[in-house]
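What follows is a set of notes on a single structure, which appears directly below.
Read the figures in this text as sums done on the coordinates, not as results from a lab. Keep in mind that what you see is a predicted model, and the values were worked out from it rather than measured. All Cβ positions, even for glycine, are placed from backbone atoms using ideal geometry, and neighbour counts span all protein chains on display.
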Amino acid sequence: MSTMASHTATDFTWLEWPFLNDAHRRLALELDAWCQRHLHDLQEKDLYAACRELVARLGQGGWLRYCVTSGEQAEFGGQHPELDSRSLCIIRETLARHGALADFVFAMQGLGSGAISLAGSDAQKAAYLPAVAEGRKIAAFALSEPEAGSDVGALSCSAQLLADGETYALNGVKTWISNGGLADFYCVFARTQADAGSRGITAFIVDAQTPGLVIDEVIDVMSPHPLASLRFDNCRIHKSQMLGELNQGFKLAMRTLDIFRCSVAAASIGFARRAMQEGLVHARQRKMFGQTLADFQLTQAAFGDMATAIDQSALLTYRAAWVRDVQKRPSTGETAMAKMAATESAQQVIDRALQMFGGKGVVHGHILERLYRDIRSLRIYEGATEVQKLIISRQLMSKDLAQAYEPL
C-alpha cells in the first residue's frame, strides 16, 4: 500500500492515559504490528477489489470482531457483548495512520452493521453479524437522501405496508452511501408514517440482490472510496427484515451515529499523527541554508502546535469514549466536541506538514497529498462541524447551570 507509515518510531505514550486499560494497550500495539505485516503489499488500482481484499484481511486478522457484538454466548462473532467505543477508536486511529482505505473499510463494517448490533433480533444478528466479523459480508448504512442530510427528520424514502400485512414496499432515493454498489446488505432508514417527522422513521435490512434495489449513480470523490446513490423502485421486503421497532428508526440511527462518530475523531487523529511523523522525518533530513529544516525556530514552533493539537484532540476523543464505556451514560456532547476538534485540528496539522514538503507535498500520490484529501471529508460526514457546534450548544443549554454555582 502506497500510504504505509514510514519506518520511524511511533509515539505510543498516549496509551498510558487512564482512559484506557491493559487490553486496549495490547490491542493498539498488536494491530500496529499487524498493519506493518499485512497492509504494505495491497494494490489500490481497482478500488472495489482493494476494499474486498481489505475486508477479507481484516476479517482473517480478527479485527472486524470489534465492530459487532458477541451476544451472551459469543454466538454473533463479536469481541465484546457490547460495542466498546475505546476499542473502535484505537483501531480506527491505528488503521488511519497506516492507510485511509483500511480505516474506511473497518469503519463501514461497523457503521453498516451497527444498527443490527444495537437493535437486531437474535435471528437478524445470527444472519448478519458473524459474516460481517469474518469479512464474508460487506455492510452499508443508508440514511442520507438528496434533501435530507443533517436533517434526518426530512427523510422521504418510504416503506409502505402492503395489503398482505407481511410485506413492505420501499420507494425513494438514498445518496452519499458508502459501500454503495459494494455492500452485501444495507441498513435502510425509511418513512413509515407520513407527516410525523423524526417520529415516523423505521429501519430495515435490505439485501443487495433484492429486486427493486438499483445502484443509481456511482459518486467519484476526492479521496476515493466506494460511494453511490441507491434507488428503491417498489422494492419488496418481508416485515421480518424490520430492524428494531416500528417508527423508532430515528432513535436507532442516532444511537448508531453516536457510537461511531467518536471513532471519526480517532481516525482524524491517526491521519494527523501520520502527517506529523512524516514531517519530522523530512525536517530532520531536508538541508536548507547550511542547516536542516528542523533547525529553524519556525519549524520547531510548527511542530509544537501540531503536537499540542493532536494531544488535545486525543484527550477529548478518549474521554468521550470512556464516558460511554465506563460511566455508561450518553456522551453526545463529549462526542460532538471530540469530532469537531479532532477533524478541524487534523486538517490544520496536515496542512502545516504539507507546507514543509514544498512542491513535493502537492504531487499526486505523495503521502501528504493523500492525507490532505483523506481528511477533508471527515469534517463533513456523520455530522458536519457546524452541526457539532449546534449539538454542543444544545447540550449546554439543556443543563441548568444557573443552579450549579453560587453567584459571584
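Between ASP311 and GLU82, the modelled label-to-label distance comes to 3.2 nm, taking each label 7 Å out from Cα in the direction of the beta carbon. Taking amide H atoms as placed 1.01 Å from N in the peptide plane, the amide H of SER144 lies under 5 Å from those of THR175, each 5 or more residues away in sequence or on another chain. Convex hull volume of the C-alpha atoms in the stretch 102-245, normalised per residue: 107 Å³. Highest-first packing order for the peptide set 10-16, 69-75 is 69-75, 10-16, based on the mean count of other beta carbon atoms within 10 Å.
For the peptides 193-200, 247-254, 107-114, residues were scored by their other Cβ atoms within 10 Å and the scores averaged per peptide; the highest-first order is 107-114, 247-254, 193-200. Only helical runs count toward this figure. For the chain, summing -39,500 (n - 2.57) over DSSP H runs of n ≥ 4 and dividing by all residues gives -16000 deg cm²/dmol at 222 nm. To make sure I understand the rule: partners must be lysines, Cα under 22 Å from the Cα of LYS399, and not fewer than 8 residues away in the same chain. Which ones qualify? LYS399 reaches LYS251, LYS328, LYS339, LYS389. Straight Cα distances below 20 angstrom link LYS287 to the lysines LYS360, with same-chain residues fewer than 8 positions distant left out. Under 18 Å of direct C-alpha separation, and excluding same-chain neighbours fewer than eight residues apart, LYS137 reaches these lysines: LYS125. Per-residue extension of 0.36 nm, minus the Cα-Cα distance of VAL363 and LEU390, leaves a gain of 6.0 nm for this segment. The percentage of C-alpha pairs in the stretch 165-276 whose separation is greater than 18 Å is 58%. Of the peptides 215-222, 229-236, 305-312, the ranking by mean beta-carbon count within 10 Å, highest at the top, reads 229-236, 305-312, 215-222.
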